[in-house]
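Engineer: Provided herewith is a single structure, encoded as structure tokens, for subsequent inquiry.
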Amino acid sequence: MEKLNNIIFYNIDHSIRLYRMYAQKKLREHGFKITIDQWLVIKCILENPNITQHELSDLVFKDNASVTRIIDLLIKAKYLQKEINPEDRRKFILHVTKEGEEIIKNVQEIVLQNRDKALKGINATDLEIADKVLQKIIQNCK
């Protein structure tokens with residue numbers, strides 16, 4: 001029987017979990033109260049202004065209930081605003097506030113430092129190969 005640390009998917013999951021813990025720790029150390037998931041939701045909305053909550057859930061790999069909780073926290077923190085969609089009153093339109101744009105801008109340098117730390121010693125060719133392999137796995141699993 002093969003060992004866990006010889007299974008590629010175990011190693012992918014392990015690396016992502018360690019990176020997220022590291023990145024969250026660095027945000028806290030710099031005084032930011034935003035979580036990685038909250039950052040991801042704001043970033044997705046900024047990049048996709050007309051995104052639905054269902055689409056957002058898919059993009060951030062969270063269930064709808066989790067995304068609802070994150071959105072509620074972001075509204076409470078004044079990073080997002082929610083308004084009723086005039087075309088379908090059961091849906092909402094999400095807008096990133098100035099405070100939300102500012103937190104993304106302020107956190108960006110730490111995000112880049114986190115990536116540099118995590119990718120230290122990995123050359124561009126290896127990153128390109130890793131990305132191609134991951135994209136192939138994604139396509140195979142769809």
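Engineer: Can you give me the number of residues within region 78-91 that are surrounded by fewer than 16 Cβ atoms within 10 Å (Cβ to Cβ) and touching a residue at least 12 places away in the same chain (Cβ under 8 Å)? Talk me through it step by step, then tell me what you get.
Structural biologist: First, pick out the residues of region 78-91 that are surrounded by fewer than 16 Cβ atoms within 10 Å (Cβ to Cβ): 78, 81-91.
With the extra rule that they be touching a residue at least 12 places away in the same chain (Cβ under 8 Å), the set shrinks to 78, 81-83, 91.
Going through region 78-91 one residue at a time, the tally reaches 5.
Engineer: Of the residues that make up region 75-85, is at least one within 23 Å of E29 (Cβ to Cβ) and touching a Phe, Trp or Tyr at 6+ places or on another chain (Cβ under 8 Å)?
Structural biologist: no
Engineer: Filter region 115-141 down to the residues that are β-branched (V, I, T) and either over 28 Å from L27 (Cα atoms) or in contact (Cβ under 8 Å) with a residue 60 or more places away in the chain (or both) and list them by number.
Structural biologist: Initially, region 115-141 is screened for residues β-branched (V, I, T), giving 122, 125, 129, 133, 137-138.
Answer for region 115-141, where residues must be β-branched (V, I, T) and either over 28 Å from L27 (Cα atoms) or in contact (Cβ under 8 Å) with a residue 60 or more places away in the chain (or both): T125, I129, V133, I137, I138.
Engineer: Counting only residues that are closer than 17 Å to K98 by Cα and β-branched (V, I, T), how many does region 28-86 have?
Structural biologist: Residues in region 28-86 being closer than 17 Å to K98 by Cα and β-branched (V, I, T): 6 in total.
Engineer: Report, ordered by the first and then the second residue, all pairs with beta carbons closer than 7 Å, sequence separation of six or more or different chains, a first member in region 1-25 that is farther than 16 Å from L134 by Cβ, and a second member that is part of a helix (DSSP H, G or I) and among the polar types (S, T, N, Q).
Structural biologist: N5/N11; Y22/N114; A23/N114
Engineer: Let me ask something else. Looking at this structure, is L73 hydrophobic (A, V, I, L, M, F, W, C) and open to solvent by less than 70 Å² (accessible area, probe 1.4 Å)?
Structural biologist: Details: hydrophobic (A, V, I, L, M, F, W, C): yes; open to solvent by less than 70 Å² (accessible area, probe 1.4 Å): no.
Spelling it out, it is not the case that L73 is hydrophobic (A, V, I, L, M, F, W, C) and open to solvent by less than 70 Å² (accessible area, probe 1.4 Å).
Engineer: Within region 99-137, can you find the residues that are open to solvent by less than 70 Å² (accessible area, probe 1.4 Å) and more than 27 Å from T35 (Cα to Cα)?
Structural biologist: I137
Engineer: Restricting to region 40-49, give me the number of residues that are within 17 Å of I75 (Cα to Cα) and either more than 13 Å from the chain's Cα centre (by Cα) or open to solvent by less than 30 Å² (accessible area, probe 1.4 Å) (or both).
Structural biologist: Step one: of region 40-49, the residues within 17 Å of I75 (Cα to Cα) are 40-46, 49.
Restricting the remaining residues to those that are either more than 13 Å from the chain's Cα centre (by Cα) or open to solvent by less than 30 Å² (accessible area, probe 1.4 Å) (or both) gives 41-42, 44-45, 49.
Residues meeting the conditions: 5.
The values are calculated or read from the model by the stated rules, or taken from the named source; none is laboratory data. Source: prediction; values computed, not measured. Counting neighbours? That spans all protein chains shown, and the Cβs are built from the backbone with ideal geometry, glycine included. The protein model used for the area step is the full one, side chains on, heavy atoms only, and it has no ligands, DNA or RNA in it. Shrake-Rupley method; radii C 1.70, N 1.55, O 1.52, S 1.80 Å.
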